[in-house]
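Report on the following structure.
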Amino acid sequence: GAGVSQSPSNKVTEKGKDVELRCDPISGHTALYWYRQSLGQGLEFLIYFQGNSAPDKSGLPSDRFSAERTGGSVSTLTIQRTQQEDSAVYLCASSPIRHEQFFGPGTRLTVL
Amino acid sequence: TQLLEQSPQFLSIQEGENLTVYCNSSSVFSSLQWYRQEPGEGPVLLVTVVTGGEVKKLKRLTFQFGDARKDSSLHITAAQPGDTGLYLCAAYTNDYKLSFGAGTTVTVRA
């Protein structure tokens with residue numbers, strides 16, 4: 001069956017521009033997560049959705065970062081006024097039950 | 001400081017050799033997970049260990065959870081080039097938040 005998909009796979013933008021990253025979770029998964037991964041590093045938790053609500057946004061690095069989820073499905077992570085330190089791979093995961101997260105391939109963001 | 005400390009950071013070995021990756025913490029966990037990530041892909045769950053002292057085997061991979069549930073190890077026997085990747089340990093700090101170690105990059109040379 002289809003896994004978690006993310007788009008675009010690569011995004012190059014100029015400093016100061018806004019970007020939107022999209023995540024399509026596995027159908028029926030109620031939980032959705034965003035992570036950030038710097039080069040060769042582990043994953044940093046950003047935000048967790050249960051359905052359309054986000055009970056935990058504690059990992060968002062600044063108020064330039066926001067995310068929404070609609071219809072209990074697709075999620076968008078928006079970064080406003082991008083900075084060079086935002087360059088990283090942004091990973092999305094979805095989960096049907098506790099302790100079973102399935103990851104997408106990620107979006108590699110490069111801010112010039 | 002990271003909740004989960006992985007060592008070594010990098011490991012390069014010849015095909016056929018054995019290797020061990022360690023994941024340590026000062027915290028006690030109800031379970032611990034190991035993932036493998038290949039370039040351009042997301043992490044894929046390999047195993048979840050839940051009982052102190054537990055040993056799980058997945059073909060040539062052996063995972064062990066420490067008796068005190070604070071640490072874990074991954075041992076690969078007779079490594080093959082297909083084992084190359086970033087190995088990550090992770091643990092839940094609440095019902096939904098996974099905390100990851102920084103990872104061990106394993107390269108197996110043919």
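The values are calculated or read from the model by the stated rules, or taken from the named source; none is laboratory data. The shown structure was predicted, so the numbers you read here are calculated from the model rather than taken from an experiment. Don't worry about glycine lacking a Cβ; one is built from the backbone with ideal geometry, like all the others, and counts go over all protein chains shown. Protein only, heavy atoms only, side chains kept; ligands, DNA and RNA dropped before computing areas. Shrake-Rupley method; radii C 1.70, N 1.55, O 1.52, S 1.80 Å.
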Which listed residue is open to solvent by less than 60 Å² (accessible area, probe 1.4 Å), among the small types (Gly, Ala, Ser) and closer than 21 Å to residue B:103 by Cα, from A:42, A:72: A:42
For residue A:11, indicate whether it is part of a loop (DSSP other than H, G, I, E, B), open to solvent by 30 Å² or more (accessible area, probe 1.4 Å) and more than 11 Å from chain B (Cβ to nearest Cβ). no
In the stretch B:19-53, how many are within 9 Å of another protein chain (Cβ to nearest Cβ) and part of a strand (DSSP E or B)? 6
Does the stretch B:32-51 contain any residue that is open to solvent by 10 Å² or more (accessible area, probe 1.4 Å), at pLDDT 95 or above and over 30 Å from residue A:5 (Cα atoms)? no
Residue hits (the stretch A:73-91; hydrophobic (A, V, I, L, M, F, W, C) and either facing chain B (nearest Cβ under 8 Å) or out of contact with any Leu (no Cβ under 7 Å at 6 or more places or on another chain) (or both)) are A:74, A:79, A:89, A:91
Provide a single number: the residues in the stretch A:55-69 that are within 11 Å of another protein chain (Cβ to nearest Cβ), in a strand (DSSP E or B) and open to solvent by 30 Å² or more (accessible area, probe 1.4 Å). 1
Please enumerate the residues belonging to the stretch A:36-85 that are touching a residue at least 60 places away in the same chain (Cβ under 8 Å) and at negative phi. A:37, A:78, A:79, A:80, A:82, A:83, A:84
Could you say whether any residue in the stretch A:37-52 is over 18 Å from residue B:43 (Cβ atoms) and of a type in the set (Asp, Glu)? no
Among the residues of the stretch B:77-90, which ones are more than 10 Å from chain A (Cβ to nearest Cβ) and in a strand (DSSP E or B)? B:85, B:87
